[in-house]
Amino acid sequence: MARTPRSKARAAQPAPQGTHRGEGGETHQVAQEGYLTLTTQQGTPVADDQNTLTQGRRGPALMEDFHFREKMFHFDHERIPERVVHARGYGAHGYFETLTPIPELTKADLFQRAGEKTPAFVRFSTVAGNKGSFDLARDVRGFAVKLYTQEGNWDLVGNNIPVFFIQDAIKFPDIIHSVKQEPDKAFPQAQSAHDNFWDFISLTPESMHMIMWVMSDRAIPRSFRFMEGFGVHTFRLVNAEGRSRFVKFHWKPKLGLQSVVWNEAVKINGADPDFHRRDLWNAIKAGDFPEWELCLQTFDEDFAESFDFDILDPTKLIPEELVPAVAVGRLVLDRMPENFFAETEQVAFMTHNIVPGIEFSNDPLLQGRNFSYLDTQLKRLGGPNFTHLPINAPKCPVHHFQQDGHMAFHNPRGRANYEPNSWGPKIGGPREDPQRGFSTLPEPADGPKVRARPESFADHYSQARQFYVSQTPVEQRHIGDALVFELSKCEVPAIRLRMLAHLQNIDDGLARTVADGLGEADLPPAADAAAEPRTDLPPSDALSILKRPTSFAGRKLGILVTDGADAELVKALEAAALSIPAVVEIIAPTVGGVTLSDGSRLVAQHKIDGGPSVLFDAVALVLGEEGAAKLLRVPPARDFAADAYAHYKFIGFTEAALPLMQKAGLPPEPDAAMVPLKRPADAARFLKACAALRFWDRPDGA
Ligand code: HDE
């Protein structure tokens, strides 16, 4: 008699509970202890989850097999539409703690009491790629925060870049269509390096400021934990007296900012497409909770009037040198979701989720978003009751007369389902509260109905230039390299030329560098500008990453070891990292690990080709004599050293590692970031040096 798959599978698996039919048709009683009984969705206990009901062992399947049909039907419907943008994301729970109450600025309940904690859920994302795309695309990162306040949910749906590509929401479908896979080919995936994107951009001068940011290191962050977040638009804060001020929201990471270099990003995407997810998961699971300060730039109508640009224009920012960003609270992420789908996939952020004390401005992009987010949740989540899902439900009392619809699982009781009614306080249901309730600031508005951009939105180049001149030479070089890389992927020469024409309105040197990189001898004339580009805006240090202080806290050291590696040195490196605190992972010829100099066994987290140096912020080559010789014949070991060097990383090394380093093409004379590890005491010195994160002075880096 033929063996059923069940009989093979059972040997290796824990015994399922319940009864099942054996090969000979006899009924076995299998272990029940400790297991719950498997049931259908209707609660019917399941006897056999391995075999479909058939007419005879080799006969046709029967329609009456309700368990098979229910199981398969549910599987067929497991997916919901992925987000049309920001499809790939990763979320975490935490809280917002108010540090400085600001009742003079806003009556928003969450800002009234120092030390009060408001539950939060945050979802980070890339924009262009599909749900299964890789983490280190060159792209904007979403930074969406849901705060479950006592007066309703406040969603601050921001990005890691403080400006945007377009000034009017009506252009959003166009910019997104242009960046996503081309509709005929269905590629490229998660990349802006293609003709459609640059065609649209080169025809859309208002995107130039954003383009400088997206071509900068901001678009290839090292981790979600090391990036800033921005609300982008100007919002309003309103206090209890009804006085209002404008506000821009900033999230500043406690661990500082850090990005990878492009060559590293490309390799990370192959080595670990989930690099950012894994980083967040590991950090939170290890109790190293990422943290951001919420900082506010607030200003009044007078400032808005006097500022060089329109505060309603989302392609502009307000330099922090002009309006400082003042910290009022902190966001801490301390818990990963238990179920990715239920929480991260089903979370519905909506820009119109605001609370009394916070209001919109007339930024046309924000106004358009207020329509789009509700609409998109209906499509994604399938009905109007997505607010009933635990991840979306407010954590404050909710009383209203909205009823029924798909999947309504909080249903009002009693007779009253309208208001006003005369049924009295007990059964008549909730009533309005003019004191506590959200009331819109009576901002006057007038004028003819038009489709027109304000004149005050016309300057598209001045802040693009300001961003560029605020960068260090290394960062400027990266912007030039990124533009050359992306435009080299454009097959249509006219698109490249149009971009060069725009770049001339931003910075002559940058235009020349990009033209050289493209092999374009002659620069085209500068693009026509709707407003004369200004060259007098002063550099703003806050716009640069590399002008900020650095630290190795929360970073990762990779130690490559072989048999015979110095046990004391490995221990000293681990201890020095722990004291920062930073994380250490061991890479070895096999994942089973190595035998150290003292005879002890050290287990590895990675086999050498599964743990390339691009996954680490700094590396140490702690090799023993014999093992080192063997590594010379292992190409991934050479790449490990060569990439660490090319990516400007700090490299600690024992003497036995020198032949490998030489074979990998590293210079025979160590530079200042190649630190000899002669004795255990050198470990602390090495890790101290690692705080600089990269040694940019290396002449032949990536
Ligand atoms: Fe979004 N955006 N967006 N966006 N956006 C969405 O909503 C939209 C914009 C941002 O992790 C969608 O739930 C329009 C700016 C983030 O779930 C959709 C416009 C900023 C997320 C949508 C913009 C953002 C989204 C798709 C131009 C930074 C991910 C799925 C007017 C301030 C939220 C969804 C998450 C998601 C529309 C521009 C941030 C379609 C129409 C500017 C972080 O509603």
Selection count where residues are within 13 Å of the ligand (Cβ to nearest atom) and either modelled with pLDDT under 95 or not charged (D, E, K, R) (or both), scope segment 341-357: 9
- line: Checked segment 372-389 for anything more than 16 Å from the ligand (Cβ to nearest atom) and either outside any loop (DSSP other than H, G, I, E, B) or touching a residue at least 40 places away in the same chain (Cβ under 8 Å) (or both); matches are His388
- prompt: Condition test on Val84, is it outside any strand (DSSP E or B) and within 16 Å of the ligand (Cβ to nearest atom)?
  reply: yes
message: Conditions first: (1) in contact with an Asp or Glu (Cβ under 8 Å, 6 or more places away or on another chain); (2) over 22 Å from Ala286 (Cα atoms). Asp566 passes all but one, so which condition is the exception?
response: (1)
- request: Among the strands (runs of 3 or more DSSP E) lying completely within segment 101-204, list those that include at least 3 residues that are away from the ligand (no atom under 16 Å from the Cβ).
  value: 117-126
- prompt: Scanning segment 416-457 for residues that are among the basic types (Lys, Arg) and either surrounded by 11 or more Cβ atoms within 10 Å (Cβ to Cβ) or modelled with pLDDT of 95 or more (or both), which turns out farthest from Arg243 (Cα to Cα)?
  reply: Arg451
- request: Scan segment 89-98 and give yes if some residue there is of a type in the set (Val, Ile, Thr) and outside any strand (DSSP E or B), otherwise no.
  value: no
message: Return the residues of segment 588-612 that are touching a Phe, Trp or Tyr at 6+ places or on another chain (Cβ under 9 Å) and either in the same structural domain as Ala283 (by TED's automatic domain parsing) or part of a loop (DSSP other than H, G, I, E, B) (or both); say none if nothing qualifies.
response: Gly611, Pro612
statement: Expected single match for assigned to a loop (DSSP other than H, G, I, E, B) and within 14 Å of the ligand (Cβ to nearest atom) among Asn362, Asn411 is Asn362
message: Of all residues being polar (S, T, N, Q) and in contact (Cβ under 8 Å) with a residue 24 or more places away in the chain in segment 588-616, which is nearest to His647 (Cα to Cα)? Just the residue, please.
response: Ser613
query: Within segment 108-154, can you find the residues that are β-branched (Val, Ile, Thr) and closer than 15 Å to His276 by Cβ?
result: Val122, Thr126, Val127, Val140
Residue check, Ile176 touching a residue at least 12 places away in the same chain (Cβ under 8 Å), assigned by TED's automatic domain parsing to the domain that holds Phe289 and surrounded by fewer than 20 Cβ atoms within 10 Å (Cβ to Cβ): yes
message: Can you find a residue that is surrounded by 15 or more Cβ atoms within 10 Å (Cβ to Cβ), without any contact (Cβ under 8 Å) to a residue 40 or more places away in the chain and part of a helix (DSSP H, G or I) anywhere in segment 578-587?
response: no
message: Looking at segment 326-345 only, could you name the residues that are buried (at least 20 other Cβ atoms within 10 Å of the Cβ) and over 26 Å from Glu293 (Cβ atoms)?
response: Glu345
task: Scan segment 332-339 and give yes if some residue there is part of a strand (DSSP E or B) and within 15 Å of the ligand (Cβ to nearest atom), otherwise no.
output: yes
query: If you check Ala511, Ala501, which single one turns out to be free of Cβ contacts under 8 Å to residues at least 24 places away in the same chain, under 21 Å from Ser207 (Cα atoms) and part of a helix (DSSP H, G or I)?
result: Ala511
So Val634, is it aliphatic (A, V, I, L, M), over 29 Å from Ala692 (Cα atoms) and buried (at least 23 other Cβ atoms within 10 Å of the Cβ): no
task: Would you be able to say whether some residue in segment 618-637 is in a loop (DSSP other than H, G, I, E, B) and within 24 Å of Ser259 (Cα to Cα)?
output: no
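The values are calculated or read from the model by the stated rules, or taken from the named source; none is laboratory data. Quick caveat, the model's predicted, so the values are computed rather than measured. Methodologically, a virtual Cβ is constructed for each residue, glycine included, from the backbone with ideal geometry; neighbour enumeration extends over all protein chains shown.
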